[in-house]
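So the structure is just underneath, and the comments pick up after that.
The values are calculated or read from the model by the stated rules, or taken from the named source; none is laboratory data. If you're wondering where the values come from, they're calculated on a predicted model, not measured in any experiment. Cβ atoms come from the backbone with ideal geometry, glycine included; neighbour counts cover every protein chain shown. Surface areas here come from the heavy atoms of the whole protein model, side chains and all, with no ligands, DNA or RNA. Shrake-Rupley method; radii C 1.70, N 1.55, O 1.52, S 1.80 Å.
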Amino acid sequence: MPGFAAIINPHAGQNRRSRDRLAQFEEIVGDAGVVQQPSSLEELERLAQELRQRDVDIVAVCGGDGSFFRALSALVRAYGDVRLPKFLPLRAGSMNTIARSVGCRHGAPERILGQAVAHHRAGRPFGTTERQLIEVDGKHYGFMVGCGAIVNFLQTYYGGKGRGPLAAAKVFARCVTSAVSGGALARGLLQALEADVDCDGERVPHRRFNLIYASSITDIGLGFHATYLATRKPGYFHLLAGRLHAWQLVTRLRRIRRGWPLDVETLYDNLGRDVRVEFARPTHYMIDGDVLEAVSGLNVRAGPRLTIIQK
């Protein structure tokens, strides 16, 4: 039987507070597979190569959204054109947007892992779903990629006190209040950047943007579903690119929450599979909540399909 692998990110919030998680995982997995806790990205790269050599068919990752992005990127680089193993997200982050959006079961990582290992040992089929990974510059792979307002919001959130949905909701409430009053916080979040954006060979008809966001999951966090087309067509992702005013966002919160089109003339809102962005000046971007270095451009493409274990 092909192997089972569990990867723990020791830097994820819940894992830092659960010092015996590694030992518990090792007891749960036993001889069904391997449990590893890489302490650096270099160790993670070596582990991904090892898992390919072991021919594992399930990889569980215990961490948050950023942990999934880093682990999946290493796995895609290691596996190349070979089909990826099934992916089991174990919630140990502050937001867990990806696990929630794809419908993964709630519960402590130990309980979810134990159930998965029991299924694997018994040879029973898993309940699964598929999502499109998004490739960024040929080396990074995740579910959500963006710049502009999304990065500005994350930097405000990371610069504040606390982590998790409650802390994020408080930041969001401050942003909405600022938008209603025309405050500095909203103006800073929605400041424009200049870029040329091409989607599938056609120029997006805007030059100034405060949002460029591609996603293959519908949930953008806090129960909002702006990327309602994300799962519509295999091999594609949902692209939102344009400029939004604060009042347009405030008056469309119900639409965003329900996953309805925003209906804003200055916003490109469609499916895409190959997006190229050239910034007027180096710009920070994010993948799955991790804010990355400033770049002069981005190449965003549909990557491999990933099978995700839900239950």
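Using the Kirkwood radius over C-alpha pairs as Rh, can you work out the diffusion coefficient of the range 1-65 via Stokes-Einstein at 37 °C, viscosity 0.692 mPa s, in µm² per second?
Numbers: Rh = 12.1 Å.
Result for D is 271 µm²/s.
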For the range 187-238, state what percent of all Cα-Cα pairs lands in each successive 10 Å bin, counting from 0 Å until the bin that includes the largest distance.
-> 22, 39, 36, 3
Please work out the Cα center distance from the range 162-209 to the range 1-71, rounded to the nearest Å.
-> 34
Send over the Kirkwood Rh of the chain, from the inverse of the averaged 1/r over different Cα pairs, rounded to one decimal Å.
-> 20.1
For the range 133-146, in residue order, the Karplus 3J(HN,Hα) values (coefficients 6.51, -1.76, 1.60; θ = phi - 60°; whole Hz; Gly and Pro = x) are 6, 9, 8, 10, 6, x, 9, 10, 9, x, 10, 10, 9, x
Surface accessible to a 1.4 Å probe, Cys175 within the full protein complex, Å² = 10
Relative to the longest principal axis of the C-alpha atoms of the chain, give the angle of the C-alpha long axis of helix 65-79, reported between 0 and 90° and rounded to the nearest 10°.
-> 60
With 5 Å bins from zero, work out the P(r) of the range 45-198 over every alpha carbon pair and list the percent per bin.
-> 1, 8, 14, 17, 17, 15, 11, 8, 5, 3, 1, 0
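Can you check how the C-alpha radius of gyration of the range 187-311 compares to 2.2 N^0.38 Å, as a plain ratio? Intermediate results must be reported in sequence, preceding the final value.
Values: Rg = 14.5 Å, N = 125, 2.2 N^0.38 = 13.8 Å.
That ratio works out to 1.05.
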Taking placed amide H atoms and a strict 5 Å upper bound, the residues 5 or more places from Gly33 or on another chain that come that close are Phe4
Rounded to the nearest 10 Å², what accessible area does Lys311 show when all protein chains are kept and the probe is 1.4 Å?
-> 140
Share of carbon and sulfur in the accessible heavy-atom surface of the chain [1.4 Å probe, %] = 49
For the chain, the longest principal axis of the Cα atoms and the Cα long axis of helix 165-181 enclose an angle in degrees, to the nearest 10, of 0
Cα-centre dipole for the range 1-42 with unit charges at Cβ (Lys and Arg positive, Asp and Glu negative), debye to 20 = 280
Whole-number Å³ per residue for the convex hull built on Cα positions in the range 173-260 = 96
Cα extents of the range 160-215 along the principal axes, largest first, in whole Å, come to 42, 26, 15
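Would you tally the net charge around Thr218, using a Cβ to Cβ cut-off of less than 12 Å, leaving Thr218 out, and scoring K and R as +1, D and E as -1? Show your work: numbers first, answer last.
Details: positive: Arg100, Arg131, Arg232, Arg257, Arg258; negative: Asp219.
Every neighbour counted, the sum reads +4.
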Rg (one decimal) and Dmax (whole number) from the Cα set of the range 253-311, in Å, equal 15.4, 45
Excluding residues on the same chain fewer than 8 positions from Lys86, give the lysines whose Cα lies under 26 Å from its Cα.
-> Lys139, Lys233, Lys311
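If packing is taken as the average count of other Cβ atoms within 10 Å, what order do 283-289, 270-276 fall into, highest mean first? Please list the in-between numbers first.
Numbers: 283-289: 22.1, 270-276: 17.6.
Going from most to least packed, we get 283-289, 270-276.
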Got a sec? Charge dipole of the chain, +1 on Cβ for Lys and Arg, -1 for Asp and Glu; which of Met95, Ala230, Phe25 is way out at the positive end?
-> Met95
For Lys161, the lysines lying under 16 Å Cα to Cα, once residues fewer than eight places off in the same chain are dropped, come out as Lys170
Given charges at beta-carbon only (K, R positive; D, E negative), |dipole| of the range 92-165 in Debye | 320
Cα-centre dipole for the range 102-261 with unit charges at Cβ (Lys and Arg positive, Asp and Glu negative), debye to 20 | 720
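Run the numbers on the chain and let me know its relative contact order in percent, using alpha-carbon pairs under 8 Å that are six or more apart. Could you put the intermediate results ahead of the total?
Working: 653 pairs, mean separation 62.8, N = 311.
Value for the chain: 20 percent.
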15 Å tail of the calculated P(r), the range 214-263, as % of Cα pairs = 44
Whole-Hz ³J(HN,Hα) from phi, Karplus 6.51 cos²θ - 1.76 cosθ + 1.60, for the range 201-216, glycine and proline x | x, 10, 6, 5, x, 9, 10, 10, 10, 10, 8, 10, 8, 10, 8, 10
Probe 1.4 Å, accessible area per residue of the chain, Å² = 46
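Where does the range 26-119 land on Rg/Rh, using Cα atoms and the Kirkwood Rh? Show your work: numbers first, answer last.
Values: Rg = 12.9 Å, Rh = 13.8 Å.
Taking Rg over the Kirkwood Rh, I get 0.94.
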